[in-house]
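Have a look at the structure below, then the notes.
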Amino acid sequence: MLIISELNVKLEEEDKVILDGVNLSIAKGSVHAIMGPNGSGKSTLSYVLAGRNGYEVLKGSVEFDGRNLLELEPEERAASGLFLAFQYPVEIPGVGNMTFLRTAYNAQRKARGEEEISASDFLRNVRSKAKELNIDDGLLKRPVNFGFSGGEKKRNEILHMSVLEPSLCILDETDSGLDVDAMRQVAKGVNSLRGPDRAILVITHYQRLLNYIDPDVVHIMVGGKIIRTGGPELAREVEENGYADLIREVA
């Protein structure tokens with residue numbers, strides 16, 4: 001589904017290389033996790049995949065479902081099935097959560113040549129998804145993320161992901177700032193999306209989220225490149241020993 005080859009990327013405003021030869025392959029139906037210390041390039045990778053401005057690809061390629069992802073505009077990437085859940089979800093005052101979500105949903109359907117869904121059918125769908133994620137109906141009527149707690153923002157991101165049903169879900173440090181109960185709820189929502197036609201990439205500093213989202217593959221990223229790949233036991237090793245030993249191995 002996703003094949004990244006020798007990806008080199010720099011931050012334009014600082015003329016600084018952030019990703020230095022990233023290689024990563026994610027198959028349908030699998031859950032991958034990327035761990036690493038601050039400044040290792042984890043979030044940059046998610047931003048580049050989503051098409052965020054401010055980054056320049058120096059070399060390398062990204063293939064997503066047989067298409068050159070780097071040639072697509074951000075909205076085209078979303079319509080093709082890529083979803084990024086942000087570490088810090090954006091507040092949009094004055095725009096209702098339900099209105100925003102229905103607009104996004106129908107925009108993606110239109111891009112795929114499908115008919116727009118009716119308001120009543122959409123409402124039933126969203127309420128069903130919200131109930132599964134333990135989200136109160138009142139949250140749907142408020143402006144997008146405005147006045148939400150940290151846990152509410154993250155659950156709202158997972159609700160959007162659940163409704164839009166992307167084929168590739170990227171979670172950029174979704175566990176940041178969450179207490180245990182909120183993290184369990186978010187993880188429950190993520191786990192409900194696991195399936196043979198969908199891949200999930202979880203980006204995190206810590207192993208704790210992976211206690212609830214059991215990944216198939218764990219990657220360690222340091223200095224803009226993936227230095228080691230293994231199973232769930234690799235995350236536990238990092239939790240126990242930190243990154244220092246792994247960094248020394250490749251130094």
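The values are calculated or read from the model by the stated rules, or taken from the named source; none is laboratory data. Just so it is clear, the model here is predicted, and its values are computed rather than measured. No Cβ is skipped: glycine too gets one built from the backbone with ideal geometry, and neighbour counts run over all protein chains shown.
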Going by the structure shown, is Glu73 of a type in the set (Asp, Glu) and exposed (fewer than 14 other Cβ atoms within 10 Å of the Cβ)? yes
State all residues of region 126-141 that are at pLDDT 85 or above and crowded, with 16+ Cβ neighbours inside 10 Å; if no residue qualifies, say none. Val126, Lys129, Ala130, Leu140
Taking interchain pairs and intrachain pairs at least six residues apart, which have beta carbon atoms under 7 angstrom, with the first residue in region 74-103 and hydrophobic (A, V, I, L, M, F, W, C) and the second crowded, with 16+ Cβ neighbours inside 10 Å and in a loop (DSSP other than H, G, I, E, B)? Leu82/Pro166; Phe83/Pro166; Ala85/Thr174; Val90/Asn145; Ile92/Asn145
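Let's see how each residue does on (1) in contact with an Asp or Glu (Cβ under 9 Å, 6 or more places away or on another chain); (2) farther than 28 Å from Glu63 by Cα:
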| residue | (1), (2) |
| --- | --- |
| Pro166 | no, no |
| Cys169 | no, no |
| Gln185 | no, yes |
| Asp214 | no, no |
| Val217 | no, no |
| Arg228 | yes, no |
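Within region 134-158, can you find the residues that are among the hydrophobic types (A, V, I, L, M, F, W, C) and touching a Lys or Arg at 6+ places or on another chain (Cβ under 6 Å)? If you could, list the steps in order and put the result at the bottom.
Of the residues in region 134-158, the ones among the hydrophobic types (A, V, I, L, M, F, W, C) are 135, 139-140, 144, 146, 148, 158.
Across region 134-158, the qualifying residue is only Ile135.
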Can you work out which of the residues in region 100-125 that are loosely packed, with under 14 Cβ neighbours inside 10 Å and polar (S, T, N, Q) is nearest to Gly189 (Cα to Cα)? Thr103
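For residues in region 1-30 being charged (D, E, K, R) and within 16 Å of Gly54 (Cβ to Cβ), which is nearest to the chain's Cα centre (by Cα)?
Lys10
For every residue, the table says whether it meets (1) within 23 Å of Pro93 (Cα to Cα); (2) outside any helix (DSSP H, G or I).
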{"residue": "Phe148", "(1), (2)": "yes, yes"}
{"residue": "Glu157", "(1), (2)": "yes, no"}
{"residue": "Val163", "(1), (2)": "yes, no"}
{"residue": "Ser176", "(1), (2)": "yes, yes"}
{"residue": "Gln185", "(1), (2)": "no, no"}
{"residue": "Val190", "(1), (2)": "no, no"}
{"residue": "Val202", "(1), (2)": "no, yes"}
Does region 143-160 contain any residue that is over 30 Å from Lys16 (Cα atoms), touching a strand residue (DSSP E or B) at 6+ places or on another chain (Cβ under 7 Å), of a type in the set (Asp, Glu) and modelled with pLDDT under 90? yes
